[in-house]
Amino acid sequence: MNNLLNDDQLIERILEHVDNKTTDMGSEVWREPTTNYLNQARFDAEVALIKRSPVPFCPSSMLADKGSYVARKAVGTPILVVRGMDGEIRAFINGCRHRGMPVASGSGCARAFVCPYHAWSYSLDGKLKNIAGSHGFPGVDPNEYGLLQVSVKEKGGLVYVNQEADIEEVDLEGYPDFFSHNQEYFEQESLIDQTNWKLIAETTMEGYHIKGLHKNSFYPYGLDNTNVVESFGPNSRVVFPFRRINDLREIEPEERNIVGLVTSVYNLFPNTVVSILSKHSTLTIFEPIAPDQTEILIYRVTNQLNDGSTVNKEDAKYDADFVKGAGLDEDREAAVKIQETINAGRNTHLTFGLFEKAIVHFHQNLEKRLS
Ligand code: FES
Ligand SMILES: [Fe+2]
């Protein structure tokens, strides 16, 4: 369980903030050394932390059918996640046991994986089925040559992997269920920016910049510096209300519904964000490449409406295009420019204030887990 407010409580808290011109605030100002966005040793320690954490890999809806798979690198490690004929999801190091070639790429649906190098084949549960020209490999026992397993768990519409430890029930305790099975996956995007992964992550964790940075994109629809900010474990949720949430004042409290009136952004420590937007939702993974380079990997799914039906893919895509063309690019550009001023080496700290409570929570946890 977690202590996140339910929808009714959220509505009440937001309307109170609007009335009082307030927002949720933290209790301390945090100064983060800029060297932590430059230093290779620090970067390596963060990558190691991500490898030993349960990290969302993809939405479950990408793996709806038996044989459906997603192969990609997660912090540099090639990983293959597949739904077996028994309906179970399994994850493997995506490397053939012969000489290490990846056995799958991208996403799709397969009956088996045939290595593109010398055609060794593996069943969906990772077992080595066939060695092409097996008489050339005397003494090689196929039972010992299955794909190497990685710990994986499916929960609440997401598939999580942990590269270096088993994912236990308790690791995901308090994580909300994000997506239902009828929310359809409709697109993915990969963007590479010259910025530290934390700088781009930080843009998602506060609403203090809505009027400043998003003056002509989000601000016409959204409220500035009016947020509900909560944490659960090392994670956080920041709720960004739209102006139209004020329409709820005309509706009896028991009939109010928050769907479509806020954007909820869940930062799943360390490097992942789930955003529930108006007509679609995203799973975003910040893949650190170098201290000053990050891949932003975004998976998009349709949203569920109040009546249980789902938004059609065209409407969801229209919603996604608006967010992409507007706020997302502004956030990305800010993160790249900040990296440049950090690279200049004169400013010793970034300062996060009481409005940036979720970022402070993030850095507190990062520091704790790295030390
Ligand atoms: S590397 Fe896969 S069959 Fe040779
Ligand atoms: Fe932003």
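With everything on Cα atoms, drop me the angle between helix 40-51 and the longest principal axis of the chain, reported from 0 to 90° to the nearest 10.
So the helix axis and the longest Cα principal axis differ by about 80 degrees.
Using only Cα atoms and rounding to the nearest 10 degrees, what angle (0 to 90) does helix 313-323 make with the longest principal axis of the chain?
Orientation of helix 313-323: about 60 degrees from the principal axis.
Of Glu356, Glu12, Glu187, which has the largest mean-square fluctuation in a 10 Å C-alpha GNM of the chain?
The residue that fluctuates most here is Glu12.
What residue among Gly222, Gly146, Gly106 has the largest mean-square fluctuation in a Gaussian network model of the chain, using Cα springs under 10 Å?
Comparing Gly222, Gly146, Gly106 in the GNM, the peak value goes to Gly106.
If the cut-off is a Cα-Cα distance under 17 Å, which lysines reach Lys313, setting aside same-chain residues fewer than 8 apart in sequence?
By straight Cα distance, Lys313 reaches Lys279, Lys324.
For Asp315 and Arg369, calculate 0.36 nm times their separation in residues minus their Cα-Cα distance, and state this gained length in nm to one decimal. Please report the intermediate quantities before stating the final value.
Values: separation 54, 0.36 × 54 = 19.44 nm, distance 4.10 nm.
Stretched out fully, the Asp315 to Arg369 stretch lengthens by 15.3 nm.
Could you check the spin-label model distance between Asp19 and His135? Points 7 Å from the Cα along Cα→Cβ, value in nm.
Going by the 7 Å Cα→Cβ label model, 8.6 nm.
Can you tally the net charge around Asn36? Count Lys and Arg as +1, Asp and Glu as -1, for every other residue whose Cβ sits under 13 Å from the Cβ of Asn36.
-3
Please compute the modelled spin-label separation between Ser107 and Glu340, points set 7 Å along Cα→Cβ, answer in nm with one decimal.
Result: 3.4 nm between the two label points.
Going out from 0 in 10 Å bins, what whole percent of all Cα-Cα distances in the chain drops into each bin?
Using 10 Å bins, I get a P(r) of 5, 22, 31, 24, 12, 5, 1, 0 for the chain.
What do you get for the angle between helix 7-20 and the principal long axis of the chain? Use alpha-carbon atoms, 0 to 90 degrees, nearest ten.
With rounding to tens, the tilt is 40 degrees.
Running a GNM on the chain with Cα contacts under 10 Å, which residue among Asn216, Asn303, Asn36 ends up with the highest mean-square fluctuation?
In the Gaussian network model the winner is Asn216.
For the cross-link pairs Lys198/Lys368; Lys155/Lys357; Lys66/Lys155; Lys211/Lys337, which exceed 21 Å when the distance is taken from alpha carbon to alpha carbon?
Lys155/Lys357
Can you pull the percent of the range 55-166's accessible area that's carbon plus sulfur, 1.4 Å probe, other chains left in place?
Details: 2480 of 5180 Å².
Result for the range 55-166: 48 percent of the exposed heavy-atom area is carbon or sulfur.
Given a 1.4 angstrom probe, what's the average accessible area per residue across the range 55-166, in square angstrom?
On the way: 5180 Å² over 112 residues.
In whole numbers, the range 55-166 has 46 Å² accessible per residue.
Summing Lys, Arg as +1 and Asp, Glu as -1, what charge do residues with Cβ under 9 Å from the Cβ of Lys313 carry, Lys313 excluded?
Local charge sum for Lys313: -3.
Based only on the alpha carbon positions, what is the Kirkwood hydrodynamic radius of the range 55-166, in angstrom?
Here the Kirkwood hydrodynamic radius works out to 14.1 Å.
The values are calculated or read from the model by the stated rules, or taken from the named source; none is laboratory data. Given the structure is predicted, the values throughout are model-derived calculations rather than measurements. Please note: Cβ atoms are built from the backbone with ideal geometry, for glycine as well, and neighbour counts cover all protein chains shown. Ligands, DNA and RNA are excluded from the accessible area calculation, which covers all protein heavy atoms including side chains. Shrake-Rupley method; radii C 1.70, N 1.55, O 1.52, S 1.80 Å.
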